[in-house]
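What follows is a set of notes on a single structure, which appears directly below.
The values are calculated or read from the model by the stated rules, or taken from the named source; none is laboratory data. The structure displayed is predicted, hence computed values, not measured ones. Ideal geometry is used to build each Cβ from the backbone, glycine not excepted, and the neighbour counts take in all protein chains shown.
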Amino acid sequence: MSVIRQSDPKAWTHVDDTEYEAYCKEKGVDPEKYTTMELLCIAAARQTYDFSFIFAGTGLPMIGCMMAQHTYAPNALIIMEAGILDPKLIEVPISVSEARGGYMCSTLSNMADTFGTFAQRGFCTFGMLGGAECDKYGNLNSTAMGGYYSKSARDDGKTGPSVRFAGSGGANNIASYADMGLAMMVQEKRRFPEVNEYVTSVTGSRGPLGTPEDRWHMGLFRGSGTTIVSDLCIFRSSPETGELEMSELYPGVDESLVTENVSWTLKKAKDFKPFAAPSHEEIKIARMVCDPNRIYLGRKTKRDLAAEK
């Protein structure tokens, strides 16, 4: 497969430097220093390529899709599960069914079309998602932690889930139908267990490739790998074992911090390399085009808050 990347910044969405300086002054942000959420947004966009189909999840993945469309993948076709196909996003929608998400779209239909007509038929290159947990094979949990069933439905004496999240929505379908999984997550050891407490989205396999636990044997006949964009590094699934490996390390991040924040013995990918720091142009577009009101980009991780003390 020929991968087409739009790497020339001259072809990207233009942001005026004077306006950008005024924006940074108004928002109180450093024009050159990127935040964790901005890094996640830019890193996710770099994983895509032009003329691909990107199925977008709610929240930060939406920013990643927008960033891709305004930089590396200007001809990418974005799919939003509520029925929006091929929008030209100029303002971040707060959900996959919000009206702003339909701006200049090719089709404004329904979930039967997005999942049936497009995703199930193979027109989904990337499934861009988020999650609360990610296991060593790249599967995601966005349902519950502490067990699925409540105390009244259990006979093991446990109290039931300690935390319940929004659940699957369309995440399981997106992960199952996409050629490649692409998830954005803040990395903490508790959120990167060896085995998820609950698997919402089979983004990777449940076990090594070639065993009864891989995607093929589970009846998922698409999917060629998983990329996890964390706030510390980029993980990619090994083509031999299916396990996540450290593929790219962000500037200023020590490898030990990455390995300490997963619950399995993490290996380096054969093609491991340092991640190039976000450029001035990328930061401008992320801020002024993708999320000027800083709905998502203004958020801080626990690690960010601890560093400020």
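Kindly provide the set of residues from the stretch 134-177 that are touching a residue at least 24 places away in the same chain (Cβ under 8 Å), loosely packed, with under 13 Cβ neighbours inside 10 Å and over 21 Å from Thr301 (Cβ atoms), ordered by number.
Gly167
Considering the stretch 258-273 alone, what residues qualify as being of a type in the set (Ser, Thr, Tyr) and either touching a strand residue (DSSP E or B) at 6+ places or on another chain (Cβ under 7 Å) or surrounded by 14 or more Cβ atoms within 10 Å (Cβ to Cβ) (or both)?
Taking the stretch 258-273 first, the residues of a type in the set (Ser, Thr, Tyr) are 259, 263, 265.
Of everything in the stretch 258-273, those that are of a type in the set (Ser, Thr, Tyr) and either touching a strand residue (DSSP E or B) at 6+ places or on another chain (Cβ under 7 Å) or surrounded by 14 or more Cβ atoms within 10 Å (Cβ to Cβ) (or both) turn out to be Thr259, Ser263.
Can you tell me which residue is farthest from the chain's Cα centre (by Cα) among those in the stretch 178-222 that are of a type in the set (Gly, Ala, Ser) and crowded, with 24+ Cβ neighbours inside 10 Å?
Ser205
Do we find that Leu129 is in contact (Cβ under 8 Å) with a residue 12 or more places away in the chain, surrounded by 15 or more Cβ atoms within 10 Å (Cβ to Cβ) and in contact with a His (Cβ under 9 Å, 6 or more places away or on another chain) in this structure?
Here the answer is no, as Leu129 does not meet what is asked.
State which residue is modelled with the lowest pLDDT when the search covers only the stretch 18-48 and only residues that are outside any helix (DSSP H, G or I) and surrounded by fewer than 18 Cβ atoms within 10 Å (Cβ to Cβ). Show your work before the answer.
First, the residues of the stretch 18-48 that are outside any helix (DSSP H, G or I): 28-35, 47-48.
Subsequent filtering for residues that are surrounded by fewer than 18 Cβ atoms within 10 Å (Cβ to Cβ) retains 28, 30-33.
Numbers: Gly28: 96, Asp30: 96, Pro31: 96, Glu32: 93, Lys33: 96.
Result: Glu32.
Would you mention how many residues in the stretch 223-248 are farther than 18 Å from Ser263 by Cα and touching a Phe, Trp or Tyr at 6+ places or on another chain (Cβ under 6 Å)?
1
Out of the stretch 88-100, which residues are more than 13 Å from Ile63 (Cα to Cα), buried (at least 16 other Cβ atoms within 10 Å of the Cβ) and within 19 Å of the chain's Cα centre (by Cα)?
Passing the criteria: none in range.
Quick check: is even one residue across the stretch 3-11 farther than 22 Å from Lys300 by Cα, touching a residue at least 12 places away in the same chain (Cβ under 8 Å) and part of a helix (DSSP H, G or I)?
At the first step, the residues of the stretch 3-11 found to be farther than 22 Å from Lys300 by Cα are 3-11.
Remaining after also requiring touching a residue at least 12 places away in the same chain (Cβ under 8 Å): 3-7, 9, 11.
Next, from what is left, pick out any that are part of a helix (DSSP H, G or I): 9, 11.
Within the stretch 3-11, one or more residues are farther than 22 Å from Lys300 by Cα, touching a residue at least 12 places away in the same chain (Cβ under 8 Å) and part of a helix (DSSP H, G or I).
When the residues of the stretch 49-71 are narrowed to those that are in contact with a helix residue (DSSP H, G or I) (Cβ under 6 Å, 6 or more places away or on another chain) and assigned to a strand (DSSP E or B), which ends up surrounded by the fewest Cβ atoms within 10 Å (Cβ to Cβ)?
Ile54
For the structure I just gave you, tell me whether Tyr103 is farther than 18 Å from Phe118 by Cβ, crowded, with 21+ Cβ neighbours inside 10 Å and either touching a residue at least 12 places away in the same chain (Cβ under 8 Å) or among the acidic types (Asp, Glu) (or both). Break it down stepwise before answering.
On the way: farther than 18 Å from Phe118 by Cβ: yes; crowded, with 21+ Cβ neighbours inside 10 Å: no; either touching a residue at least 12 places away in the same chain (Cβ under 8 Å) or among the acidic types (Asp, Glu) (or both): yes.
No.
For the stretch 241-257, state whether one or more residues are without any contact (Cβ under 8 Å) to a residue 24 or more places away in the chain and either surrounded by 14 or more Cβ atoms within 10 Å (Cβ to Cβ) or touching a strand residue (DSSP E or B) at 6+ places or on another chain (Cβ under 6 Å) (or both). Don't jump to the end; show me each part of the working.
First, the residues of the stretch 241-257 that are without any contact (Cβ under 8 Å) to a residue 24 or more places away in the chain: 252-256.
From what is left, the residues that are either surrounded by 14 or more Cβ atoms within 10 Å (Cβ to Cβ) or touching a strand residue (DSSP E or B) at 6+ places or on another chain (Cβ under 6 Å) (or both) are 253, 255.
Yes: the stretch 241-257 contains one or more residues that are without any contact (Cβ under 8 Å) to a residue 24 or more places away in the chain and either surrounded by 14 or more Cβ atoms within 10 Å (Cβ to Cβ) or touching a strand residue (DSSP E or B) at 6+ places or on another chain (Cβ under 6 Å) (or both).
Looking at (1) at pLDDT 90 or above; (2) within 22 Å of Lys189 (Cβ to Cβ), which is the one condition that is false for Thr125?
Of everything listed in (1) at pLDDT 90 or above; (2) within 22 Å of Lys189 (Cβ to Cβ), Thr125 misses just condition (2).
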